[in-house]
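Read the structure below first, then the notes.
The values are calculated or read from the model by the stated rules, or taken from the named source; none is laboratory data. Just so you know, these numbers come straight off a predicted model, no measurement behind them. We place every Cβ from the backbone using ideal geometry, glycine too, and count neighbours over all the protein chains shown. For accessibility, only protein heavy atoms count, side chains too; no ligands or nucleic acids. Shrake-Rupley method; radii C 1.70, N 1.55, O 1.52, S 1.80 Å.
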Amino acid sequence: MPIWYAVHGKRILYIFCDAAVAAVSYAIALCIAAYPDMCAIVSMDHRTGIALMVIAYCASLYFFKIYRIIWKYFNVRDMCRLAAANATGFCVFTAMMLATGSSYSPPAAVLALFFNGFFTGAYRTLVRGIGADAELPGGDGADAAIDAVKGTAEEKRILIAGAGDAGSMLLAEYAKRGLERCVVGFVDDDRAKIGKMLNGKMVFSSTGGVNDVIRNKKITEVVIAMPSVGAAAINRIIADVRREHPRLLVKTLPSFTRIFEKSLLPDLRELGIADLLGREEFGIDVQAIQNHFTGATVLVTGAGGSIGSELCRQLLKFNIRRLIAVGRGEFSIYTLAKSLQEHMYYLESETEIVYRIADVKDRGMLNLIFGRYRPDIVFHAAAHKHVPLMEFNEIEAIQNNVIGSFNVFEVALANHARECVLISTDKAVHPVNVMGATKRAAELMARYYFEKGLTTSIVRFGNVIGSRGSVIPLFREQIEKGGPVTVTHPEVTRYFMSIPEASILVINAAAYSKGGEVFVLDMGKQYRVADIARNLIRFYGYEPDRDIKIEYTGLRPGEKLYEELFYPKENLVKTQNEKIYILNAAGESYSRDGIERWLSEEYPRLYECDSRGARRLLNKLVPEFENGSDVEEYGPNPRLVN
């Protein structure tokens, strides 16, 4: 965490109060230590001692981050930090007095330590009682975040499933923010805990009795705080709740949240299909990420998208100095800004966030943003990703995915960015559609700029659950309308990974990058999309084929029956994280001369091409692309959705 941080607004008053407490405490301590010979105290000059006392204690409080704590919602850990800061102030004061040869009274110094500890803690406790500290880093926006969070919680009655470490930490977080009254209690399968109190809240029953508790206590929200248990246990709790309370809000924590020492509340999210797939627990290399990102300025393109926005949220956990969120959709960036405002409140982060509306196709605008903010690390997530739609918009796909990537790498190199990470896809492997081919071309651009001196890396992964344009939101919409749920083919399979999981692994991979790597994420196993549809129908409390029908509609243009992602084992190199591999055959089909020739000779003809011509042009850059030259120019578009 950075040593220096800004203290502003009402928090400046804390510095003045602490300075006054230090001065008065030392004066009182001197009087008590000299009693009854008060004349000796009056006759000596203690101005140097008082000044050093104020400097030592205020500096210690600052460097222990005491002025970053939201004292309206402090907890025991915060008071322990305050005590440690006061003890350090005593040591610093003693060292300064001895170093300057000033008149030093050990009894007075010890008494001043106790007085400082008591008074600095006492008036902060008073602040909590009267609610005087409403200002957070970020000013009025942060105040609005508090009001929003507390306002929405006024009518909540929350039941936490899991009275272990995660459940206890969640309760502490609610209490820290004045929302403890919203938590009614716990359920837990540990019989030794049933009937006991955890931090003032009752453990009512096992998870098997969750519906009785929901009815009797008028619960409005269930939070599953069991990040380390398997999907079977979570599915059982969900099934029990959905059977009798199909519309009750259920939230859960991703499995990786327990590795952070920060607030768990930002990671709470409404339960989704990702929690039902049984993806195995995983870890990340927190130390490597901290070492790589702490104090850095990070720019994310496509920041309003599913992956881009989650990258922004996850990056805030790692003490970056500045986040530049770049996107071309004003509403998506506005939505991101609202989300990150609340996220910043929970994390108590000092990161500066800059939101910029820009299109990656506009190199001039990108150059202006890069030149002004000088990012150290760039995550290039902006891309068109909808496979069937890009089959009929070849020129736009090339312009956005290929030339947009070229622009990002070009301005990153020109403005001395430390590194640039391209977010790619499994569809770039032996591409059979325009989208996959353009992403493979973007990978070639990354390799080209690596040879030109920019530290680039590529991270490939498959489908993410719940992203814009993915099948899960469509299934939800169809179920909520009463069906039918449409699936392209009964045997179609896909890799699926949750958005938070994919994003945190991308960040972890970037921390390992030395330049030129193609990282491949372990997507686990492939899932039959038809099975996911059935699970989601059951998730809503219905029975597939009885309450809601499943219809098969046929593969769409450019769609594969299965995804290729993994390669022969001899081509994969393990990293420190078992979920992240490095691909050895990264230079396949790469030619620097070919890229330069394509940029100078082929690309200028892009807007003269019809659909066939655009595909042939793309094929010259990506020879393995099956270019589908029999496509009809401006013909009717086949079905673009299931």
- Task: Run TYR355 past the list (1) out of contact with any helix residue (DSSP H, G or I) (no Cβ under 6 Å at 6 or more places or on another chain); (2) open to solvent by 40 Å² or more (accessible area, probe 1.4 Å); (3) in a strand (DSSP E or B) and report the number of the one that doesn't hold.
- Result: (1)
- Query: Given the conditions (1) in a loop (DSSP other than H, G, I, E, B); (2) touching a helix residue (DSSP H, G or I) at 6+ places or on another chain (Cβ under 9 Å); (3) open to solvent by 70 Å² or more (accessible area, probe 1.4 Å); (4) modelled with pLDDT under 75, and given that ASP45 satisfies all but one, which numbered condition is not satisfied?
  - Reply: (2)
- Query: Which of the residues spanning the stretch 176-193 are open to solvent by less than 60 Å² (accessible area, probe 1.4 Å) and touching a Gly at 6+ places or on another chain (Cβ under 9 Å)?
  - Reply: GLY178, PHE186, VAL187, ASP188
- One residue from ILE234, ILE219 being among the hydrophobic types (A, V, I, L, M, F, W, C) and modelled with pLDDT of 90 or more: ILE219
- Out of all the residues in the stretch 331-345, is one or more among the hydroxyl-bearing types (Ser, Thr, Tyr), open to solvent by less than 20 Å² (accessible area, probe 1.4 Å) and more than 22 Å from ILE458 (Cα to Cα)? yes
- Message: Can you report the number of residues in the stretch 474-514 which are closer than 30 Å to ILE582 by Cβ, at pLDDT below 90 and either among the aliphatic types (A, V, I, L, M) or touching a strand residue (DSSP E or B) at 6+ places or on another chain (Cβ under 7 Å) (or both)?
- Response: 9
- Query: If the Cβ limit is 6 Å and pairs must be 6+ apart or interchain, which residue in the stretch 544-555 that is closer than 11 Å to THR486 by Cα pairs with which residue that is of a type in the set (D, E, K, R) and outside any loop (DSSP other than H, G, I, E, B)?
  - Reply: none
- Query: Just to be sure, is VAL24 outside any helix (DSSP H, G or I) and at pLDDT 70 or above?
  - Reply: no
- Within the stretch 144-158, restricting attention to residues that are open to solvent by less than 20 Å² (accessible area, probe 1.4 Å) and either assigned to a helix (DSSP H, G or I) or over 18 Å from ILE224 (Cα atoms) (or both), which residue is modelled with the highest pLDDT? ALA153
- Note on the structure: Taking first residues from the stretch 511-540 that are at positive phi and second residues anywhere that are among the polar types (S, T, N, Q), the pairs with Cβ under 6 Å that are 6 or more apart or on different chains are GLY515/THR455
- Note on the structure: Per the filter on the stretch 362-378, residues in a helix (DSSP H, G or I) and either open to solvent by less than 80 Å² (accessible area, probe 1.4 Å) or within 19 Å of GLY329 (Cα to Cα) (or both) are ARG363, GLY364, MET365, LEU366, ASN367, LEU368, ILE369, PHE370, GLY371, TYR373
- Lone qualifier among ALA417, ALA442 - being at pLDDT 95 or above, touching a Pro at 6+ places or on another chain (Cβ under 9 Å) and crowded, with 22+ Cβ neighbours inside 10 Å: ALA417
- Apart from one, (1) more than 23 Å from GLY462 (Cα to Cα); (2) open to solvent by less than 30 Å² (accessible area, probe 1.4 Å); (3) at pLDDT below 85 all hold for GLY554; the odd one out is (1)
